[in-house]
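All of the numbers you see were taken from the coordinates with simple rules; none came from a lab. Owing to the predicted nature of the structure, the values given are computational and were not obtained by experimental measurement. A quick note on method: Cβ atoms are made from the backbone with ideal geometry, for glycine too, and the neighbour counts reach across all protein chains shown.
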Amino acid sequence: MTPLKMARSTPTDQSSRPPLTVLLAAPRGFCAGVDRAIKIVELALKRFGPPVYVRHEIVHNRHVVESLKAKGAIFVEELDEIPETNSPVIFSAHGVPRSVPAAAKHRGLFFLDAICPLVLKVHAEARAHHAEGLEIVLIGHAGHPEVIGTLGQLPPGAATLLQTVEDARKFQPRDPERLAYTTQTTLSLDDTAAIVAALKARFPTIVGPRKEDICYATTNRQAAVKAIAPRCDAMIVVGAPNSSNSLRLVEVAERAGCAKALLVQRAADIAWDTFADMATVGITAGASAPELLVTEIIEAFRARFDVTVEEVATTEERIAFNVPRELRDSGPA
């Protein structure tokens, strides 16, 4: 390591720190659905006491999951990992197949569904299209919990998952005149628009959602990244590697003109040599990343650089979702 790089990767006195402008994207971080899901677990712990069982990560963020574990939440992947219990069982914000609540009812489990209301909207659309006799195209990423949950609203074979424009070009429906599409809520707007355009070019009568399925938070965070990416030497996206919306922010930053975009979970993950000789760095956070991790990263930059922070806001979010009725009288977490 050269002396210059060592000076930039080790905390020093103010006079020797190189200057760095941090462009802070806004909106960033928690969306209303994530905030609601975390509150559901916290309120359940407060009202019923530990343990509270959570099927799958409540949201895709390690810090959030570990924090809830410390308070008494037990995370499982399947219901059969849960013993006979009167404790609450909570389903994650991503949604679950219909078979999961059915199995919970069969076992007599007390369960609460933390599914994001905007994902619930997609589920309702898919069921309505199926009830009307339409074949359904779901645009999304194979294996993602939200996609598994949406496909699980329908009988086998009722929907086909498409992930790319090429998939849309190759897709062969049973009846080209009886088609509908819906999408995962956390996709790239540009990629999804290209897939939808390919479908509409082939199937002009395909039925889409009444209102865009990609959620407001995904849309707003991608727009905020696009606004600052051309000005940045590098972009840091705070988020988990299994967070779809965070991964999309990395892609959006690169496509919008940022030479280097990095996904990190927290400050300890940053390779500081990467930022030698950079003048401007952008920071954003996926919808499941808490603001304290953003603050932690900014402070880590301040320890190494003479930092000027400029927040760039493209819109203001004022959306909130109610927690389930069973938890509303338990007071704030």
Can you flag which of Lys39/Lys170; Lys121/Lys170; Lys69/Lys260; Lys200/Lys226 are past 31 Å Cα-Cα? Lys39/Lys170; Lys69/Lys260
If every alpha-carbon in the stretch 74-141 counts as one equal scatterer, what log10 I(q)/I(0) does Debye give at q = 0.22 1/Å? -0.99
How do Met235, Met278 line up, fewest other C-beta atoms within 10 Å first? Met278, Met235
Note, ³J(HN,Hα) from phi for the stretch 296-306, Karplus 6.51, -1.76, 1.60, rounded to Hz, x at Gly and Pro: 4, 5, 4, 5, 5, 5, 4, 6, 10, 9, 8
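Taking the Cα centre of the chain as origin, work out the dipole magnitude from +1 charges on Lys and Arg Cβ and -1 charges on Asp and Glu Cβ, in debye rounded to 20.
The calculation lands at about 380 debye.
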So for the stretch 32-116, Kirkwood radius off the Cα pairs, Stokes-Einstein at 10 °C and 1.306 mPa s: how many µm² s⁻¹? 127
With springs connecting C-alpha atoms under 10 Å apart, model the chain as a Gaussian network and identify which of His130, His106, His60 has the largest mean-square fluctuation. His106
Centre separation in Å (Cα based) which lies between the stretch 171-243 and the stretch 37-103: 29
Along the charge dipole of the chain, pointing to its positive end and built from +1/-1 on Cβ of Lys, Arg, Asp and Glu, which listed residue (Val294, Pro51, Asn322) has its Cα farthest out? Asn322
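Among Tyr53, Tyr181, Tyr216, which comes first, then next, by fewest other beta-carbon atoms within 10 Å? Please list the in-between numbers first.
Values: Tyr53 22, Tyr181 28, Tyr216 17.
Ascending Cβ contact count within 10 Å gives the list Tyr216, Tyr53, Tyr181.
Taking R0 as 22 Å, what FRET efficiency do you get between Asn242 and Phe110 from their Cβ-Cβ distance, rounded to the nearest 0.05? Walk me through the intermediate numbers first.
Values: r = 28 Å, r/R0 = 1.27.
After rounding, the FRET efficiency stands at 0.20.
Taking neighbour Cβ counts within 10 Å as the exposure measure, how do Val89, Val22, Val225 sort from fewest upward?
Numbers: Val89 23, Val22 20, Val225 29.
In increasing order of surrounding Cβ atoms, one gets Val22, Val89, Val225.
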In a Debye calculation with equal point scatterers on the alpha-carbon sites of the chain and no solvent, what is log10 I(q)/I(0) at q = 0.14 Å⁻¹? -1.11
Filter the trypsin sites (Lys or Arg not before Pro) in the stretch 83-113 to those in DSSP coil with at most 10 other Cβ atoms within 10 Å of their Cβ, and list the result. none
Among the stretch 191-217, those whose backbone N falls under 20 Å of a label point 7 Å along Cα→Cβ from Thr164 are 191-202
From a point 7 Å beyond the Cα of Glu311 in the direction of its Cβ, which residues of the stretch 211-233 have a backbone N at a distance under 19 Å? 217-218, 220-229
